[in-house]
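Student: Structure incoming, see below.
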Ligand SMILES: Cc1cc2nc3c(=O)[nH]c(=O)nc-3n(C[C@H](O)[C@H](O)[C@H](O)COP(=O)(O)OP(=O)(O)OC[C@H]3O[C@@H](n4cnc5c(N)ncnc54)[C@H](O)[C@@H]3O)c2cc1C
Ligand SMILES: Cc1ncc(C[n+]2csc(CCOP(=O)(O)OP(=O)(O)O)c2C)c(N)n1
Ligand code: SF4
Ligand code: SF4
Ligand code: SF4
Ligand SMILES: [Mg+2]
């Protein structure tokens, strides 16, 4: 096949009419996730853009039961939903927590860690747009080094690297962790299929382009996401049982600047800063390679 | 227990949803609008007849060879011929060439034709009579193409052909090892099946007059070709054994006895030269080609030159003849080396003899293949540009109701496909003038390489085209090149980017964050629901092949 | 069943009682949760709540209780977990105290507004700093405006019975209920407690069948963004539910008495108030001591009465107006404090009486903060102060050392 074929399940759970910004990666991600998980799914949404995207009461675009919950409680509310369903004898329902990076890396990290340590039977998805977008683009611990946000202005951009959430989750020895990209829908779908087939705590980290927050043009959302993977800023891999690493996509690499230059949030970066980012990306890639090598 | 959380109107008294979001027409946010619009692939643009290449590839992929054939037939009634002898300018501009290797378009065209050798045009192919009656003179590709396009549109067509059989250079010039005659016959028969009458042995100027035709027909199309060898000023040219390469080929192709000496020299670098050389080779001669420029400048089809070399023909590049040696008959040829100077009018670099580099070549025959010109002496009323009939943009000559196309007319000459293209254009121009039938609307823009979303493609090489082993090839006039296998043809069609032409890969549908694209019905692949499309443009941007258009919302009507 | 002391016999109805145990208040709460057949429990340990969850863990482990116990990493998660479980349709229980309750605060609001009938036991414990583990009601009273129904208990038996009734009430009006007991004075004081027969409890408290839940066959979103055009109605309906709870509570108490043979009063309990000129108002364990003091004064001919507030939210305004209709002087004893204002029960009562027909002299006494003992002597001091007051005083500190 010359054109790389992309196919995703035909079923359409999420609907139209939601209020995500044009080109929103979080909307694309939800759509594909639900295509896999299907109608027997409950979605738990903490405070984040998706609490708005879903639509105002009494409407909801998601198409399966949704519980909106407090910002820091995605993992634990999902845990409770699982317990409640079990109490009612409904074992065959997927429970998916769907949180932003703020709700995952920061304020929700405690309850996420708790749920991971207890190996709760939930699928936890972090759609990571690398800042608090709902409240107007403030930095989160998922914001990458050097990026502009409204709380890390260009004359004082973020000076600490992005938290490595996958490493943090791997340290909990949960059965399944994956990174996924909206630009690789088939890969994303496969990961949700795998997650669906496993019991216990599953964590899927989706890089989710945000045109207003990244100062990018909406039509390039997929392009940028793909470049994140190709530049190895956001490699696509899986971690089984917290230690078995497996790369799922390995496209021809491109320099990080290919990825950075399409986003206004990096526009202020000097060539030296871009070099710095390239070095960081390279060393993290090497680390990942080592882990993959020592995995099987 | 009654309802606790539902009020009298049946509404929940806390935040619980009762419906979805379809009421929210986010289409109102849109200021840019996507729509499906195929663009012009460069190959289609590059093909003089504008064959819809990715479209018929789509049918090849599906195994619908008849469908593929019918798509080609829109523009070209001679795919079996073109698939064998066309110099395929489409491939030169193929976007895939910049990525890895250009698509074997020509081989696929032949494949499609060959898959349909037993098929006839569908009944629907011929439209009801339009009451127009046209005479065409000459049954080469230009005349056949014009006749075909006219007849399909319900026109009565009569072709007057001087030769005993129709086909022009396809029959008289091009040798059988390149174009088996049953292919040509089949495609001519197909054209005749539309009611085209071909009267052979009818020479304009001898058997019929132009005035007569002008009186009897609504219009006359002259497609006389060019078959008189260009004169040369070469000492010794009158010696026995010096002759036109085209005459040699014509004799061969009309199965007249030809006898050749052991050593033959061909002068020229075009198709006639190569064909004469390869034919002579097949007749057992030792052949040398003399060409005054370098090999890259040779006008012959590249693959033909390569085949000639493989077949053991000696090519002397940058050599020009000085004198034919001999008493009565040719014994040898004195030639001189050239170097290339500044470009001349034709844009090619002018060959300049290098003094002192002369040498002599032993040869028993010299075949001149330095170009052919039309014979217009019998048609003095026609305006010319010197050697060819002058025509305007609508292929009209200076005489009322008389058109000209193909090699006889001024314009792109010397190739089969240009003849087919000008024949088609002339037919449409005639109908336009007689019936006010509008030619097709504006062409959409051409897809450039940088508009192809390369992320969706993997490198893959062009297939090797099957052909006879050279040792066998030179033994006879059996066709050298062979047709692709269906598997290879399919793979190659799949390899095509399908520039500007939707292949229903679903990417637009998959990526739309607003679930605004659905599959259509009745041949419409996709439908955009503008009630919800926010105009993000992701679909347009991600379409690997520019089959969608993104434009300002205000500038379009729904 | 143990042989009952004759004096206890009317209280511990033999027909309805499975067993009588001498247990601490915390364990009374655990047994109540078990008897209510809760399906999901989530909790995080904090003194003096710990023994509630320890016993429940035990019960779940032995199978005495068929519930899922999610041992979370914080109180915040404990309650958030139950948001999920209750939304999925499970009957839920949790317990906490003091700091834990405050950590839950965001979710406490959430539960009520999500209309989830969770029952939580809070052991009233003082707030830090400085660290203190002893009785004080400021923790639960700080949750006053969350939309939870609140009860305060005087005895371990009352705690058990109130929890069972709380589930009935919660599931009937779809609001959560917090049942409060004083740290140590109740939580860690062993008293005889009658455990009612399970089948009688089941008759009183049928399984939880919510009208709305996370149901894949009827997908709905709960708690989504509400614009100003709809938000206020949701709050209006919560208030309606509170008012309904006030009406329903006496009915449920009657039913409880009918099925299980015990009665602790309605939203309030009046003790020897019939002809009382002076009335003390209490909540929690101070009530028990106050009963003794009332009896003593009565013996001396002083017409002293007691009103015990069981239900703090919804606040039983009418019941209190009626109970105090004849009183000349009313003193409210608060083991809690709203800084800058005073005792919280006091200010609640004061505002309750303002629009009524009868406004007695009203004093607010703050006593026993941080677990300081409120002894009969301390109470006598309050009575003396009240009897001799000429005008009402908003904040009278009792027992503050110089
Ligand atoms: C040997 C050779 C090899 C070639 N190889 C290739 C190739 O590989 N690829 C390629 O693209 N092109 C090739 N060409 C060129 C190509 O064949 C011509 O450009 C093309 O055939 C021109 O078509 P036409 O219809 O204009 O004229 P022709 O094909 O020349 O047809 C003209 C017809 O008109 C008839 N005619 C002429 N005068 C009269 C008259 N007065 N009355 C009645 N009938 C008349 C002729 O008999 C002839 O049948 C080759 C040409 C030659 C000679
Ligand atoms: C306890 C609490 N603190 C703060 C907020 C305000 N708040 C709502 S969403 C949000 C940011 C969410 O960021 P993230 O999780 O990355 O999701 P995003 O909006 O980027 O999709 C914040 C800070 C809140 N709702 N609750
Ligand atoms: S890739 Fe296909 S469509 Fe594009 S120019 Fe080549 S043959 Fe034509
Ligand atoms: S991806 Fe969807 S929303 Fe975006 S422009 Fe295309 S159809 Fe419209
Ligand atoms: S993305 Fe694929 S399906 Fe959509 S228009 Fe382009 S070629 Fe067609
Ligand atoms: Mg975010």
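The values are calculated or read from the model by the stated rules, or taken from the named source; none is laboratory data. Only a predicted model underlies this, so the values are computations on that prediction, with no experimental measurement involved. Ideal geometry is used to build each Cβ from the backbone, glycine not excepted, and the neighbour counts take in all protein chains shown.
Student: Do the conditions hold for residue B:223, that is, is it more than 16 Å from ligand 3 (Cβ to nearest atom) and modelled with pLDDT under 95?
Tutor: Criteria not met by residue B:223.
Student: Conditions: (1) touching a helix residue (DSSP H, G or I) at 6+ places or on another chain (Cβ under 7 Å); (2) more than 11 Å from chain C (Cβ to nearest Cβ); (3) under 22 Å from residue B:25 (Cβ atoms). Residue A:31 meets all but one. Number of the miss?
Tutor: The one condition residue A:31 does not meet is (1).
Student: Restricting the search to the stretch B:154-206, which residues are in contact with a strand residue (DSSP E or B) (Cβ under 9 Å, 6 or more places away or on another chain) and either near ligand 1 (Cβ under 8 Å from one of its atoms) or within 14 Å of another protein chain (Cβ to nearest Cβ) (or both)?
Tutor: Within the stretch B:154-206, B:160, B:161, B:162, B:166, B:169, B:173, B:178, B:202, B:203, B:204 qualify.
Student: Just for helices (runs of 4 or more DSSP H) wholly inside the stretch B:437-523: which have at least 3 residues that are touching a helix residue (DSSP H, G or I) at 6+ places or on another chain (Cβ under 8 Å)?
Tutor: Result: B:486-495, B:507-511.
Student: Further, regarding this structure: Of the residues A:39, A:46, A:65, which is away from ligand 1 (no atom under 16 Å from the Cβ), within 8 Å of another protein chain (Cβ to nearest Cβ) and in contact with a strand residue (DSSP E or B) (Cβ under 8 Å, 6 or more places away or on another chain)?
Tutor: Of the residues listed, the single one that is away from ligand 1 (no atom under 16 Å from the Cβ), within 8 Å of another protein chain (Cβ to nearest Cβ) and in contact with a strand residue (DSSP E or B) (Cβ under 8 Å, 6 or more places away or on another chain) is A:65.
Student: Which residue, of C:78, C:85, C:95, is in contact (Cβ under 8 Å) with a residue 24 or more places away in the chain, over 30 Å from residue C:135 (Cα atoms) and touching a strand residue (DSSP E or B) at 6+ places or on another chain (Cβ under 8 Å)?
Tutor: C:85 is the lone residue from the list that is in contact (Cβ under 8 Å) with a residue 24 or more places away in the chain, over 30 Å from residue C:135 (Cα atoms) and touching a strand residue (DSSP E or B) at 6+ places or on another chain (Cβ under 8 Å).
Student: Restricting attention to the stretch C:259-266, does a residue exist that is within 14 Å of chain A (Cβ to nearest Cβ), assigned to a loop (DSSP other than H, G, I, E, B) and out of contact with any helix residue (DSSP H, G or I) (no Cβ under 6 Å at 6 or more places or on another chain)?
Tutor: No, because not a single residue in the stretch C:259-266 is within 14 Å of chain A (Cβ to nearest Cβ), assigned to a loop (DSSP other than H, G, I, E, B) and out of contact with any helix residue (DSSP H, G or I) (no Cβ under 6 Å at 6 or more places or on another chain).
Student: While we're on this one: Please enumerate the residues belonging to the stretch B:503-534 that are more than 9 Å from chain A (Cβ to nearest Cβ), under 34 Å from the mean Cα position of the chain (by Cα) and surrounded by 21 or more Cβ atoms within 10 Å (Cβ to Cβ).
Tutor: Across the stretch B:503-534, the qualifying residue is only B:508.
Student: Can you tell which of B:171, B:216, B:181, B:126 is more than 16 Å from ligand 3 (Cβ to nearest atom) and out of contact with any helix residue (DSSP H, G or I) (no Cβ under 8 Å at 6 or more places or on another chain)?
Tutor: B:216
Student: Considering each of C:231, C:208, C:236 in turn, give the residue that is free of Cβ contacts under 8 Å to residues at least 60 places away in the same chain, more than 18 Å from residue C:123 (Cα to Cα) and either more than 14 Å from chain A (Cβ to nearest Cβ) or not in a helix (DSSP H, G or I) (or both).
Tutor: C:236
Student: Is there a residue being surrounded by 21 or more Cβ atoms within 10 Å (Cβ to Cβ), in a helix (DSSP H, G or I) and assigned by TED's automatic domain parsing to the domain that holds residue B:189 anywhere in the stretch B:135-142?
Tutor: Yes, the stretch B:135-142 contains a residue that is surrounded by 21 or more Cβ atoms within 10 Å (Cβ to Cβ), in a helix (DSSP H, G or I) and assigned by TED's automatic domain parsing to the domain that holds residue B:189.
Student: Using the structure shown, decide if residue C:175 is under 19 Å from the mean Cα position of the chain (by Cα), away from chain A (no Cβ under 14 Å), crowded, with 24+ Cβ neighbours inside 10 Å and assigned to a helix (DSSP H, G or I).
Tutor: The answer is no for residue C:175.
Student: Do you know which of the residues in the stretch B:214-235 that are touching a strand residue (DSSP E or B) at 6+ places or on another chain (Cβ under 9 Å) and more than 26 Å from residue B:416 (Cα to Cα) is farthest from ligand 4 (Cβ to nearest atom)?
Tutor: Top of the filtered list is B:235.
Student: Regarding residue A:143, is this residue outside any loop (DSSP other than H, G, I, E, B), surrounded by 24 or more Cβ atoms within 10 Å (Cβ to Cβ), modelled with pLDDT of 95 or more and in contact with a helix residue (DSSP H, G or I) (Cβ under 9 Å, 6 or more places away or on another chain)?
Tutor: no
Student: Would you mind stating whether residue C:89 is surrounded by fewer than 24 Cβ atoms within 10 Å (Cβ to Cβ) and at the interface with chain A (Cβ under 8 Å from one of its Cβ atoms)?
Tutor: yes
Student: Now a separate question. Report, by residue number, each residue of the stretch B:491-502 that is at the interface with another protein chain (Cβ under 8 Å from one of its Cβ atoms) and more than 9 Å from ligand 3 (Cβ to nearest atom).
Tutor: B:494 - this is the single residue of the stretch B:491-502 that is at the interface with another protein chain (Cβ under 8 Å from one of its Cβ atoms) and more than 9 Å from ligand 3 (Cβ to nearest atom).
Student: Every residue in the stretch A:82-117 that is without any contact (Cβ under 8 Å) to a residue 40 or more places away in the chain and within 8 Å of another protein chain (Cβ to nearest Cβ), please.
Tutor: If the condition is that a residue be without any contact (Cβ under 8 Å) to a residue 40 or more places away in the chain and within 8 Å of another protein chain (Cβ to nearest Cβ), then A:83, A:84, A:86, A:87, A:88, A:90, A:110, A:111, A:114 are the ones that fit.
Student: Checking the structure you have, find out if any residue of the stretch A:180-187 is in a loop (DSSP other than H, G, I, E, B) and more than 18 Å from residue A:131 (Cβ to Cβ).
Tutor: Yes; the residues of the stretch A:180-187 include at least one that is in a loop (DSSP other than H, G, I, E, B) and more than 18 Å from residue A:131 (Cβ to Cβ).
Student: If you scan the stretch B:294-330, which residues turn out to be under 25 Å from residue B:471 (Cβ atoms) and in a strand (DSSP E or B)?
Tutor: Within the stretch B:294-330, B:314, B:315, B:316 qualify.
Student: Another one. Could you name every one of the helices (runs of 4 or more DSSP H) located completely within the stretch B:12-101 that has at least 1 residues being within 14 Å of chain A (Cβ to nearest Cβ) and surrounded by fewer than 20 Cβ atoms within 10 Å (Cβ to Cβ)?
Tutor: Ranges flagged: B:53-62, B:96-99.
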